[in-house]
Every structure is written in C-alpha cells, then in structure tokens.
Amino acid sequence: MKTKKTTAGENANGNPETEILIKGLHKSFDSKHVLKGVDLDIQRNSIVAIVGGSGCGKTVLLNHILGLLEPDKGHVLVSDHDKDGEPLVDLADLDENQMANIHMHWGVVFQNNALFSGSVYDNIALWLSETRNMEIEEIEPIARKVLDAVSLSSDQDFLDLDVHDLSGGMAKRLAVARALAMNPQVIFYDEPTTGLDPTSAAQIHDLIVTTHEELMEKGDSRTTLIITHDKDLLNRMRPRTVMMHEGEIFFDGSLEKFEKSKSPYIRPYFDIMPILHGGRKPLAD
C-alpha cells in the first residue's frame, strides 16, 4: 500500500515537524511476534530515549527505522531532507539509491562501535570517500574538526593510530566522530554507554547533548534517538522516554512521568536499570 501523497512542506501525517513516523508496525521471526502494531511519532530536533527489557523489540524497531529490516505489516516514514519541504517518505517505496540518499543525512553509533581494522583516519574517511567521492585534501580537515568536536586529538599521530590501540571510551568517541563527519540531521545511538567505566560514560552523556545541540547549516539542532538501559543517561538528559514492552509501546512521555509511574511493568524495570554513577546534577533540558 502506498502512503498518501503530500504537498511540498507537508509530511505524510500533515505535520511538518515530524522526523520519523511509524504506523502499525508488525514483525515476526518464525512463530515469534516481536513487534505488535507499534505507532511512534519522533519530532524533529528532539531527543528520544527508547527503553525496555531484553527481547521487548527495541532493537528490531531501530533496525526497521534504519531500513535494515522490512516490516510484515505497517509503515516506517522518514523525512527526506533532499526534497523541498522535507516531506515524509515511506521506506518501502524507496529503491537502493533513494535509500542511500536518506542515509546521507543520518549518523549511526552502534553498540559495539562497528569500527573496522585500520587507522583512526581510515574509519572517518571511508564513508566520505565512497559516498561523496571526496579526496584526502577535502577529508582531512573534516576528520580533524570532528575529532576536536569529540575531544580527541586531531594531530597526525592520532590520525595514524590503529583503532585497536584505543581505549573503550576513545573508541566510542571515534564512533561518534565518524557519525558527525557526514554532518547528519539525525543521529541514532544503540546502547552508547554499554561497557564503559563511569567517567567515560559521563563524557559520552555530555557528548551526546553537545552533538544534539550543535546547530546545522539551516539553523536548527539535530534529532537524536537513543536505545539505552542507562538510568544515569536518562537522569541527566531528561529526554522524552518511550518504553517498549512485549512488542508494543507501553509508555510514551516525559521522564518525570515515567519515574513517578506505579505501573507493575514500569516500576520493576526502572528499579533494576543500572546506575553507572550517581551524585551528578541533571543536564539542562
């Protein structure tokens, strides 16, 4: 089924502020029904955290948004930043080249960082070289800029450093720098603090906020979507919080309401979420 036609400047739901719209999303693997009619509207320039226990479907949902999985039923619509008015388009209607154009405006920081063998420079340069046909003299200034942005060294020795010599926190920062190199409108983080020590995790928290608030060329901030179990990240960022439970959206609202909920599903989950470190004031909303 095709999505309804839209006019320039109007998204498919009639809301020009929507970045990602999910409608009635279903997905099964063999006999296991993982997503059971998910509906979600992610507003442009917002920070949204998706939480939930293992197996609730949040990673499967993320993979549908990224176009890595096809739904059994339902639709994933995303903003097309190459078109006038940046209308929503259905991923199911896009061919390979159109999907690649959508991805040009996204940055993804995977849980395991997804760095490949080679140098720091190689990891930043590959995507710029392959997708934008940029040469070394164009890429190097970008590499140095994004490394500075994530508080990593931008000198030649660090650019030449093998990624296997990086600490866990430095590798995560490099993964963020690589995402920033594309100057993305949307950044996705999959468990960004997993496996990090408390100090490194706090630095990543700050980095996510700084990256989110950095103004784009057209003067607005990015859209940030985070899959997380990190209670401290939630406490410090105070994002819109979406909880998935058994393949459905069980809660969608402010963190304050999430914290105060007496739900027999929310309370036990929130109580066991790991606190990486305490005693820090929340970041400004």
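Only the coordinates and a few stated rules stand behind these numbers; no lab work does. Since the structure is predicted, the reported quantities are computational estimates derived from the model, not experimental observations. Cβ: placed from backbone, ideal geometry, glycine included. Neighbour counts: every protein chain shown.
Couple of notes before you dig in:
- In straight-distance terms, cross-link reach from Lys231 covers every one of the aspartates and glutamates whose alpha-carbon lies under 15 Å from its own, apart from those fewer than eight places away in the same chain; here that gives Asp190, Glu191, Asp197, Asp206, Glu256, Glu259, Asp271.
- Pairs from Lys58/Lys262; Lys27/Lys58; Lys32/Lys58; Lys32/Lys257 whose Cα-Cα separation, in the structure shown, is over 20 Å: Lys58/Lys262; Lys32/Lys257
- Under the simplified labelling scheme, the Asn112-Lys260 pair shows an inter-label distance of 4.2 nm, with each label point 7 Å from Cα along Cα→Cβ.
- Shape call, the chain: gyration tensor on alpha carbons, a/c limit 1.5: oblate
- Positive contributions from Lys and Arg (+1) and negative ones from Asp and Glu (-1), summed over other residues with Cβ under 9 Å from the Cβ of Val242, come out at +1.
- Of the GluC sites (Glu not before Pro) in segment 117-178, the ones in a loop by DSSP (not H, G, I, E or B) with at most 16 other beta carbons within 10 Å are Glu135.
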